[in-house]
Amino acid sequence: MELWKRNLIVCWLGSFTTSCGINIVVPFMPFYIEQMGVKDLGTVSLLSGAAFSITFVAAALMSPLWGRLADIHGRKTVMMCTSMGLALSNFAYPFVHSIWLLLLFRLLQGLVSGYNPSANALIARVTPDKKAGWALATLSTGMMAGTLLGPVIGGYLDTTIHIRNTFFVTTVSLFVSFLIAALFIKEGDLPDRPLTVVTHSKPGPLLAAIDGRFFFIMLMVTTCLINTANQSIEPIVSLFVRQLFEQSHTVSGQISLFSGIVISATGVGILLTASLIGRLADRTGYMRILLFSLLFSGILFIPMAFVQNAWQLMGLRFLFGVSQAGIMPIVSTLLKKTSRSDIFGRVFGYNQAMTYLGLVLGPLLGSFVSAHLGFSHIFLITAGILLGNLFLVLFCKRKMPVSLQSNH
């Protein structure tokens, strides 16, 4: 088997176990906080939000640094260090009995969240250009599959083996990511070199090594905005689904279930179509797919504001996932094609930081708009953001690097 295909399989498995392990805690974090003695519902909600947000903020700040370290010392080294760090931080959770210690370990988890951008950088480096779109899209499905299954596994384990024991399962999953990286990954043409000397000099300024700086910045903005759009309804989805049931005069005790289905529908759309769209982009042109996907995603948010039941919202969120599958992997591919291989770590580190920034900004946007304007306006404003992003890409298309002119 070719080296790049072997690395893709290994990194897919590692991304899956990492994302699965991180997301197992999602369903029961509020209940875990209640077990620490916090009884007021508003305070529990506030602390739960803080516990999740602090991880994303720390990860956004640290991702560029992990990317820099990956360029100097090797992507495999960073993948090993971060997966071990994630395993150790999760191993501490069952022994925590203070909300402040919990927040501290959530902060530490964010500081060592560098596995997935390093995996992206590694695959971008070893994959032939003509297969880059398909390979990076396929890799993204590993992370998405873990993100989807993690909460399901966590919810099941919470009801069978207790919350604190579930953290040990999380630790095992993350330790498996470490073993996968340590035992099976090889870095292209450097498998026999010591991992500490992958490069012999410290990297210089990032933008100086980019082919098309303005275009590069546009790609980073796109990463942030698409993740902001994806997360914009997260804070209010349960309330919105309940409102839809009330409007249709339907009584249901499964609002939480339907809310979870609505959120997961986007991920399912990505998971089912990312590889196909990546292969299509390799053949027909990356910019064409990116522009069409941004247009499609922006238009989809408009009817979301006028849905009459949860099933309609679920269907539209699934289609949004299909459109998102034509955005994030394509952005990763374009980043690869505008960057030198010796700076892939930093490039994907900054891109991951933009992802985390979107994960923070999306819920803040949704909460603010719903509190002041109502639920439907969240979808209309998000549509405006995505269509604005489309016009930004069209404007920057004129500044596309020469290296991309043959496949746009």
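The values are calculated or read from the model by the stated rules, or taken from the named source; none is laboratory data. Here the structure is a predicted model, which is why all the values come from computation and not from measurement. Here the Cβ is made from the backbone with ideal geometry for all residues, glycine too, and neighbour counts use every protein chain on show. Keep in mind that these areas ignore ligands, DNA and RNA; they rest on the heavy atoms of the full protein, side chains included. Shrake-Rupley method; radii C 1.70, N 1.55, O 1.52, S 1.80 Å.
The sole residue among T82, T43 that is closer than 26 Å to I123 by Cα and modelled with pLDDT of 80 or more is T82.
Which of the residues spanning the range 317-358 are within 23 Å of F375 (Cβ to Cβ) and open to solvent by 30 Å² or more (accessible area, probe 1.4 Å)?
Step one: of the range 317-358, the residues within 23 Å of F375 (Cβ to Cβ) are 317-321, 323-324, 358.
Of everything in the range 317-358, those that are within 23 Å of F375 (Cβ to Cβ) and open to solvent by 30 Å² or more (accessible area, probe 1.4 Å) turn out to be F318, L319.
Considering only the range 216-246, state which residues are at pLDDT below 80 and open to solvent by 40 Å² or more (accessible area, probe 1.4 Å). The answer is E234, P235, S238, L239, R242, E246.
Of note, R213 satisfies the criterion of being at pLDDT 80 or above and charged (D, E, K, R). Of the residues making up the range 88-108, not a single one is modelled with pLDDT of 90 or more, under 18 Å from T355 (Cα atoms), open to solvent by less than 60 Å² (accessible area, probe 1.4 Å) and touching a Leu at 6+ places or on another chain (Cβ under 6 Å).
In the set I54, I72, only one residue is in contact (Cβ under 8 Å) with a residue 24 or more places away in the chain, open to solvent by 50 Å² or more (accessible area, probe 1.4 Å), assigned to a helix (DSSP H, G or I) and not charged (D, E, K, R); that residue is I54.
Selection of the range 260-276 for residues being farther than 18 Å from L313 by Cα and surrounded by fewer than 23 Cβ atoms within 10 Å (Cβ to Cβ) yields L271, L272, T273, S275, L276. Of everything in the range 1-12 that is surrounded by fewer than 16 Cβ atoms within 10 Å (Cβ to Cβ) and touching a residue at least 40 places away in the same chain (Cβ under 8 Å), the residue that is nearest to A119 (Cα to Cα) is R6.
Confirm whether F16 is crowded, with 21+ Cβ neighbours inside 10 Å, in contact (Cβ under 8 Å) with a residue 40 or more places away in the chain, touching a helix residue (DSSP H, G or I) at 6+ places or on another chain (Cβ under 6 Å) and in a helix (DSSP H, G or I).
So F16 passes the test.
Note on the range 294-306: residues that are open to solvent by 10 Å² or more (accessible area, probe 1.4 Å) and out of contact with any Phe, Trp or Tyr (no Cβ under 9 Å at 6 or more places or on another chain) amount to 2. Against the definition (touching a Phe, Trp or Tyr at 6+ places or on another chain (Cβ under 6 Å) and open to solvent by 40 Å² or more (accessible area, probe 1.4 Å)), how does R125 come out, yes or no? Yes: the conditions hold for R125. For beta carbons closer than 8 Å, sequence separation of 6+ or different chains, a first residue in the range 250-277 that is under 16 Å from S293 (Cα atoms) and a second that is open to solvent by 40 Å² or more (accessible area, probe 1.4 Å) and at pLDDT 70 or above, the qualifying pairs are T266/F318; G267/T147; G269/F318; G269/L319; S275/W134. Residue-level analysis places P30 outside the set of residues that are in contact with a Ser or Thr (Cβ under 9 Å, 6 or more places away or on another chain), surrounded by fewer than 21 Cβ atoms within 10 Å (Cβ to Cβ) and in contact (Cβ under 8 Å) with a residue 60 or more places away in the chain.
Close Cβ contacts (under 8 Å, 6 or more residues apart or on different chains) running from residues in the range 101-114 that are among the β-branched types (V, I, T) to residues that are part of a helix (DSSP H, G or I) comprise V112/M62; V112/C81; V112/T82; V112/G85; V112/L86; V112/S89.
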